[in-house]
Amino acid sequence: NMASPAGCEHYVRSCSLKAPCCGKLYVCRLCHDAEENHQMDRFKVVEVQCSECQTVQQAQQNCQECDAQFGEYYCDICHLFDKDKKQYHCQPCGICRIGPREKYFHCEKCNLCLAQDLRGNHKCVENVSRQNCPVCMEDIHTSRIGAHVLPCGHLLHKTCFDDMVRTGAYRCPLCMHSAWEMEDHWDQIDKEISQSPMPTEYQGATVKIICNDCQAHCTAPFHVLGMKCSDCGSYNTAQDGGLIQQPQQQQQEQQQPEQDPEENEAETATEPELQDQPQLPTPD
């Protein structure tokens, strides 16, 4: 895995890192981790090998022998060599981020860098980036894949969020809160329900629900297309128990007036006549 002037599939650089764990040369930690049964600690890298003159030397931006530049960008903390992508090292995050720096800020509670338009405009979840992506279960904090912040404050890889959108999954995998603005979709469900009445025996039936968006507990009309939260209007709800109002047909039966006792006696008196019918032969 000798480096070329072009580097590897992950980074553009003109050197190889000498892995502090096994002493082998790899273009980057990701190339190392893909080949070995252990991971390279980038922060412990001490030496690199120049791709031009093969000189092994202390990690630095330019070769001490041939003055070749190992990377347009170099961080002496992360030992990151790459082409210039407006990177910057975030001290609280402990790693380099792709900038430019002025477009991002570090949220102390979430403990990660976010776009400036999210300053004061997102729900903080303490140390949220230290959790793995709930879709692919891979690391988010040090991932080279961008993170997407959901309205509930949880994070997904941007690529995982895009996959959710394509498949129609609209709930946060962690808390079930709606993952984006759903008002137009709820309006569409309203129209579909108005055009698709339930069968007669279920008209008027209701059910207890819990709203995943506002956490309200309420009672809603039962419909197979969805049960609407009466507090926030969301259809992102979960049924909490069975039907609490019996179907209309059973209600009508219960509401029928009780029969007069004399009528019951009359019915009883005729019962023998009903039983006095030809019988099937008794098995011998």
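The values are calculated or read from the model by the stated rules, or taken from the named source; none is laboratory data. These figures come from a predicted structure and were not determined experimentally. Just so you know, the surface numbers come from the protein's heavy atoms only, side chains and all, with ligands and any DNA or RNA stripped out. Shrake-Rupley method; radii C 1.70, N 1.55, O 1.52, S 1.80 Å.
Miscellaneous remarks
- Considered as an equivalent ellipsoid built on the Cα gyration tensor, segment 1-78 has semi-axes of 19, 13, 11 Å, the largest given first.
- Entry note: segment 1-132 has Rg to Rh equal to 1.04, where both radii use alpha-carbon atoms and Rh is the Kirkwood radius.
- log10 of Debye I(q)/I(0), alpha-carbon scatterers only, for segment 113-180 at 0.17, 0.22 Å⁻¹: -0.56, -0.96
- 3J(HN,Hα) couplings calculated from phi for segment 155-170 with the Karplus curve 6.51 cos²θ - 1.76 cosθ + 1.60 (θ = phi - 60°) are, in sequence order, 10, 10, 4, 4, 5, 5, 5, 4, 5, 4, 4, 5, 8, x, 7, 10 Hz; Gly and Pro show x.
- Solvent accessible area, Å² - CYS96, 1.4 Å probe, full protein context: 20
- Residue-wise HN-Hα coupling along segment 182-195, computed from phi with Karplus coefficients 6.51, -1.76, 1.60 (Hz; x: Gly, Pro): 10, 4, 4, 5, 5, 4, 5, 5, 3, 5, 5, 5, 5, 9
- In this structure, the amide hydrogen of ASN62, modeled 1.01 Å from its nitrogen in the peptide plane, lies closer than 5 angstrom to those of PHE70, counting only residues at least 5 positions away or on a different chain.
- Counting all C-alpha pairs of segment 168-238, share separated by more than 21 Å (%): 24
- The Stokes-Einstein estimate for segment 69-195, based on a Kirkwood radius over Cα pairs and taken at 4 °C with 1.567 mPa s viscosity, is a diffusion coefficient of 79 µm²/s.
- Å² of accessible area per residue within segment 1-119, as computed with a 1.4 Å probe and no ligands counted: 54
- For TRP186, TRP180, the ranking by accessible surface with the largest value first comes to TRP180, TRP186, using a 1.4 Å probe.
- Distant-in-sequence amide H partners of CYS110 (H built 1.01 Å from N, under 5 Å): VAL125, ASN127
- Solvent-accessible area, 1.4 Å probe, carbon plus sulfur percent, for segment 128-205: 51
- Reported to the nearest whole Å, the Cα centre-to-centre distance from segment 1-75 to segment 104-127 is 33.
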